[in-house]
1. Take the conditions within 11 Å of the ligand (Cβ to nearest atom), part of a helix (DSSP H, G or I) and either of a type in the set (Asp, Glu) or buried (at least 17 other Cβ atoms within 10 Å of the Cβ) (or both) and apply them to residue 234. Does it pass?
2. Could you tell me whether residue 286 is modelled with pLDDT of 95 or more, touching a Pro at 6+ places or on another chain (Cβ under 6 Å) and more than 16 Å from the ligand (Cβ to nearest atom)?
3. Would you say residue 298 is modelled with pLDDT under 95, in a loop (DSSP other than H, G, I, E, B) and surrounded by fewer than 17 Cβ atoms within 10 Å (Cβ to Cβ)?
4. Assuming residue 280 fulfils every condition listed in (1) part of a loop (DSSP other than H, G, I, E, B); (2) more than 16 Å from the ligand (Cβ to nearest atom); (3) surrounded by fewer than 17 Cβ atoms within 10 Å (Cβ to Cβ) apart from one, which condition is it?
5. Quick check: is even one residue across the range 124-136 closer than 30 Å to residue 74 by Cβ and among the charged types (D, E, K, R)?
6. Would you say residue 179 is modelled with pLDDT of 95 or more, away from the ligand (no atom under 16 Å from the Cβ) and outside any helix (DSSP H, G or I)?
7. Are any residues in the range 186-214 without any contact (Cβ under 8 Å) to a residue 12 or more places away in the chain and either among the hydrophobic types (A, V, I, L, M, F, W, C) or assigned to a loop (DSSP other than H, G, I, E, B) (or both), and if so, which ones?
8. Could you pull out the residue among 290, 322 that is in contact with an Asp or Glu (Cβ under 6 Å, 6 or more places away or on another chain) and of a type in the set (Gly, Ala, Ser)?
Amino acid sequence: MTFEELDTPSLVLNVDALNRNLERMASDCRAAGIALRPHVKTHKSPWIAGRQLALGGVGVCAAKLGEATVMAQGGVPDVLLTTELTPPKMDAAIQLLGLTRLTVVVDDAEVLAELGRRASSAGVEVPVLVDVNVGQNRCGVDPGEPALELVRTCTRTGGVGFAGLQGYEGHLQHVYDPEERRRVSLSTFELLAETKQTIEAAGVEVPWVTTAGTGTYRYAIEHGVATEVQPGSYVAMDSNYARVRDLPYESSLFVLCGVVSVNRPGQLIVDAGWKTVSTEDGPPAVRDSSEATYAPAGDEHGRITGLAGKHRPGDQLWLVPSHCDTTINLHDHYCMINDGGEFLGRLPIAARGRIAN
Ligand SMILES: Cc1ncc(COP(=O)(O)O)c(C=O)c1O
């Protein structure tokens, strides 16, 4: 069977392109001697996580406990939960420790104390990274002294074990110009380095520093403070990341959609709307035409203008999502194809919708 026989709309993953992306990231990290802990918030598949581990990944990152649980149940032995753990989720996290080596991040002394209490009464010690705000101004404790203070609290609290620092520069991933991206990334990693020095000067070792995504991992390698990088999007890429210049990764993810109506001149209506492809980072690109543009036309419909040639209802068109993570989360499975367009089978997106516990 080839892709032409696939139903529309379908989320299609080119496994050959996926493998090239996985191998490229793994070999860059291997050559640099830095640990690779891919973020599964992008692909949400324990099978792809397994490929990443087989290529040398030291574990994975998960954004939510539900995602971490799916990975642990799928056999991933080491998971870093990169979003702050809150009291309502602590017992579930402690239970998950029985299934995988789970590390959590904290940015709040009271939350840390509560985690320590619950872990102690369960008779376990939870490994903890102090999350440092390196400029995204989302989560994290401020660099320098505030981070040291939380580290000190951590070392004095039973039930938790200080393992290191996380500092994720999400606001820099899409700085399109490589020189500018390099400059702002290096100064951000310097904040992490200064914080590490402050903590070590106070007599606490910082064995683990985790940071960086697809847009910045090379600069994390160049800077040297990070022991580990946590890129996610490189597996699939998307039309927004395609604008980030100098990244050696290719689109492996597409939405195959079908034309449903051609009655208005100058436009085609396709069967991919908001329920099929996300648009918060702009419209998806139309793969085979640089002139054509897509605009959402409702939950179930999209409008394509500027496409040359004659099209009829039932024709197929390829879209490149503008944001891989949120598009993937709309689908139950990937339709896997190879470079030759052969259909290889369906892969469940097992952590799809696992946005909570
Ligand atoms: C904490 C954290 N680490 C790593 C990543 C991966 O970044 P990217 O998908 O840009 O590679 C993300 C993505 O949102 C993230 O939130």
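1. Yes: the conditions hold for residue 234.
2. In short, no.
3. no
4. Here residue 280 clears every test but (2).
5. yes
6. Considered against the rule, which asks whether it is modelled with pLDDT of 95 or more, away from the ligand (no atom under 16 Å from the Cβ) and outside any helix (DSSP H, G or I), residue 179 comes out as no.
7. Those that are without any contact (Cβ under 8 Å) to a residue 12 or more places away in the chain and either among the hydrophobic types (A, V, I, L, M, F, W, C) or assigned to a loop (DSSP other than H, G, I, E, B) (or both): 201, 203, 205.
8. Selected residue: 322, the only one of 290, 322 that is in contact with an Asp or Glu (Cβ under 6 Å, 6 or more places away or on another chain) and of a type in the set (Gly, Ala, Ser).
The values are calculated or read from the model by the stated rules, or taken from the named source; none is laboratory data. Everything quoted here is computed from the prediction, not taken from an experiment. Neighbour counts are summed over all protein chains in view; Cβ atoms, including those assigned to glycine, are modelled from backbone coordinates with ideal geometry. In case anyone asks, the SASA skips ligands and DNA or RNA and just uses the protein heavy atoms, side chains included. Shrake-Rupley method; radii C 1.70, N 1.55, O 1.52, S 1.80 Å.
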